[in-house]
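Below is one structure, written out as structure tokens, with a few remarks after it.
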Ligand SMILES: Cc1cc2nc3c(=O)[nH]c(=O)nc-3n(C[C@H](O)[C@H](O)[C@H](O)COP(=O)(O)OP(=O)(O)OC[C@H]3O[C@@H](n4cnc5c(N)ncnc54)[C@H](O)[C@@H]3O)c2cc1C
């Protein structure tokens, strides 16, 4: 069977070989090779087009992703924003405008408290707290604001990217035209504090929304110019009650019901006291909101300071308060003002604008100036 089958195949092959025209075979071979060349050509051109297109796309994406960042206001928020911007790969240039001179910034005397979660975030951004003069307590870091600002300015200068510092330069409409004319994509971060105008100049609405915090408060500042600057940690006391019997008999009746929260903060030369209580119409609160007897508030702050001050601080007298303490004359409603617009994109100059820090929201602190 097998032998018969083989023979059949052989005879067929023989017949094929015998009937094949060599010219036709050559033409067929030629056609096949031409087709293969065309296919290879098409495939290669497709690959070349793909590589070129993806290169162009990557370049366009890269160009679009590159940012010039403009920070307006070199307070704690502005300089921290500048630090974050420089750490971002997409930022190719940083420009900072600050109204005050560098020397005046570094001399700023008030204290800032950096909360534990912010300490660890800032450590991750390269802030070496071991090289900063300040005080640690319960994971919180207290320092003079000028020390923090000076330190951040120094580390911004260590980055390889170009940083254009413009101290003693108030950001105004003229400078906004300079920002518009910078080529490429730009991000302006307005951190010029609660009275800042930069965001308005750059096209954001000035409208604010006011929220009640549901809290009444009062604030006092005691200046102790004879002290040298020493950072101090915050003191917080809850459930503080006042006996106002000497002023108003009706207020005396609810003594014990009105429980205030007290915070004493600031450095050794300027001590701040903040009192807060949830909105209530108790007699004590009503009295403190309506009676304009300044001595009542002064005595409350004096008593609060002397009772809850740090053990290493001297008590203060009534006459010292008269000359060295500013305070809210009565309890006021604490309100939060928040900008209605905090971000915008201005297409014709490819500019993003955002507001941060006290430039975007603030409270109505009242020290009875
Ligand atoms: C007296 C005082 C005591 C304080 N005590 C404490 C405390 O004990 N603990 C605490 O945590 N916080 C404290 N704070 C609050 C803290 O300082 C603020 O929350 C913080 O400064 C807000 O930072 P900021 O960067 O948003 O604004 P700011 O610090 O107000 O910075 C705004 C910057 O913008 C600049 N600027 C304004 N307009 C322009 C312009 N047109 N062009 C260029 N630059 C401009 C200003 O010169 C300033 O440097 C205190 C604040 C004050 C005023």
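Please treat every number below as a calculation from the coordinates, not as lab data. On a predicted model such as this, the values are computed, not experimentally measured, just so you know. Every residue, glycine as well, gets a Cβ built from its backbone with ideal geometry; the counts of neighbours run over all protein chains shown.
Here are the numbers for this structure:
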| read-out | value |
| --- | --- |
| Calculated P(r) tail over 18 Å for the range 118-171, as whole % of Cα pairs | 41 percent |
| Dimensionless Rg/Rh of the range 32-77 - Kirkwood Rh, Rg from C-alpha atoms | 1.56 |
| Where labels lie 7 Å past Cα in the beta-carbon direction, separation of residue 308 and residue 110 in nm | 2.0 nm |
| Antiparallel %, DSSP beta bridges [both residues in the chain], to 5 | 65 percent |
| For the chain, the Rg and Dmax computed from alpha carbons only, in angstrom | 36.7, 133 |
| Sites residue 38 and residue 61 - FRET efficiency at Förster radius 30 Å, r taken between beta-carbons, to 0.05 | 0.30 |
| Full-stretch length increase - residue 324, residue 363 - with 0.36 nm per residue and alpha-carbon distance subtracted | 11.7 nm |
| Longest to shortest principal axis, alpha-carbon extents of the range 71-117, angstrom | 35, 30, 13 |
| Calculated P(r) tail over 19 Å for the range 126-237, as whole % of Cα pairs | 69 percent |
| Residues in the range 313-343 reached by a label modelled at residue 279 [backbone nitrogen below 20 Å; 7 Å Cα→Cβ] | 330-339 |
| Cα-based Rg / Dmax (Å) for the range 209-335 | 14.7, 44 |
| Pairwise label distance in nanometres, residue 295 with residue 129, each label 7 Å out on the Cα-Cβ vector | 4.6 nm |
